[in-house]
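Rule-based calculations on the coordinates, nothing more; no lab input. Please read all numbers here as calculations on a predicted model, not as lab measurements. Reconstructed Cβ throughout: ideal geometry from the backbone, glycine too, with neighbour counts over all protein chains shown.
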Amino acid sequence: MVLMAAAPAAAKSASVQGTRGITAAAGSVNGCPDETFCAYPSPNYVGQPIFYYHCEFKSMPWARTGSWINNQTPGTEAKFYNSLYQNIYQTLPPLSLSSSYNWTPVFYIKPCGI
């Protein structure tokens, strides 16, 4: 299930960057920092997430049901790819999230969706 929530209009930079461990702060949603795409190893945003913010392909290490939050800049959609780099899913723009998502077919995530 993908949920959309209205996000307050705010001036943000349009850059999307790579993977890093960062501390959640103001603007975070369920521990997903502002301007970041977050993938969680378990449903309902449980577990240590992977933070994606560079506009590049990054590996998805889990082959199980997890969850995700797209808390990036307005209009930015993340794309999920299979082992052949074929696009298999595209998120909705922020703020969008899924409390239960099957990571098994996902081998790569590109948070900028380009």
For this session: State all residues of segment 31-55 that are within 16 Å of TYR89 (Cα to Cα) and either in contact (Cβ under 8 Å) with a residue 60 or more places away in the chain or over 10 Å from the mean Cα position of the chain (by Cα) (or both); if no residue qualifies, say none.
Result: PHE37, ALA39
For this session: For residues that are in contact with a helix residue (DSSP H, G or I) (Cβ under 9 Å, 6 or more places away or on another chain) and polar (S, T, N, Q), scanning just segment 28-69, find the one that is farthest from GLN86 (Cα to Cα).
Result: ASN30
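Those residues that are closer than 15 Å to VAL46 by Cα and either of a type in the set (Gly, Ala, Ser) or in contact with a Gly (Cβ under 7 Å, 6 or more places away or on another chain) (or both), I need them from segment 62-102; list them, please.
Within segment 62-102, the subset closer than 15 Å to VAL46 by Cα is 62, 64-69, 97-102.
The answer is GLY66, SER67, SER98, SER99, SER100, TYR101.
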Exercise. Which ones in segment 62-114 are of a type in the set (S, T, N, Q) and touching a Lys or Arg at 6+ places or on another chain (Cβ under 6 Å)?
Worked result: THR73, ASN87, GLN90
For this session: Just give me the residues in segment 37-58 being under 12 Å from LEU97 (Cα atoms) and assigned to a strand (DSSP E or B), in sequence order.
Result: PHE37, CYS38, ALA39, TYR40
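The rows are residues; the columns are (1) in contact with a Ser or Thr (Cβ under 7 Å, 6 or more places away or on another chain); (2) of a type in the set (A, V, I, L, M, F, W, C); (3) loosely packed, with under 15 Cβ neighbours inside 10 Å; (4) at positive phi.
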{"position": "PRO43", "(1), (2), (3), (4)": "yes, no, no, no"}
{"position": "ILE50", "(1), (2), (3), (4)": "yes, yes, no, no"}
{"position": "CYS55", "(1), (2), (3), (4)": "no, yes, no, no"}
{"position": "SER59", "(1), (2), (3), (4)": "no, no, yes, no"}
{"position": "ALA63", "(1), (2), (3), (4)": "yes, yes, yes, no"}
{"position": "ASN70", "(1), (2), (3), (4)": "yes, no, no, no"}
{"position": "ALA78", "(1), (2), (3), (4)": "yes, yes, no, no"}
{"position": "TYR81", "(1), (2), (3), (4)": "no, no, no, no"}
{"position": "LEU95", "(1), (2), (3), (4)": "no, yes, no, no"}
Seminar exercise, completed: TYR89 meets each of (1) over 10 Å from LYS110 (Cα atoms); (2) touching a residue at least 40 places away in the same chain (Cβ under 8 Å); (3) out of contact with any helix residue (DSSP H, G or I) (no Cβ under 7 Å at 6 or more places or on another chain); (4) assigned to a strand (DSSP E or B) with one exception, condition (2)
Seminar exercise, completed: Selection from segment 97-114 of residues surrounded by 18 or more Cβ atoms within 10 Å (Cβ to Cβ), among the aliphatic types (A, V, I, L, M) and within 19 Å of GLU35 (Cβ to Cβ) yields LEU97, ILE109
Exercise. Which residues, counting only those in segment 92-114, are assigned to a loop (DSSP other than H, G, I, E, B), under 18 Å from HIS54 (Cβ atoms) and among the aliphatic types (A, V, I, L, M)?
Worked result: VAL106, ILE114
Exercise. Looking at segment 83-93, which of the residues that are over 17 Å from VAL29 (Cβ atoms) and of a type outside the set (Gly, Ala, Ser) is surrounded by the most Cβ atoms within 10 Å (Cβ to Cβ)?
Worked result: TYR89
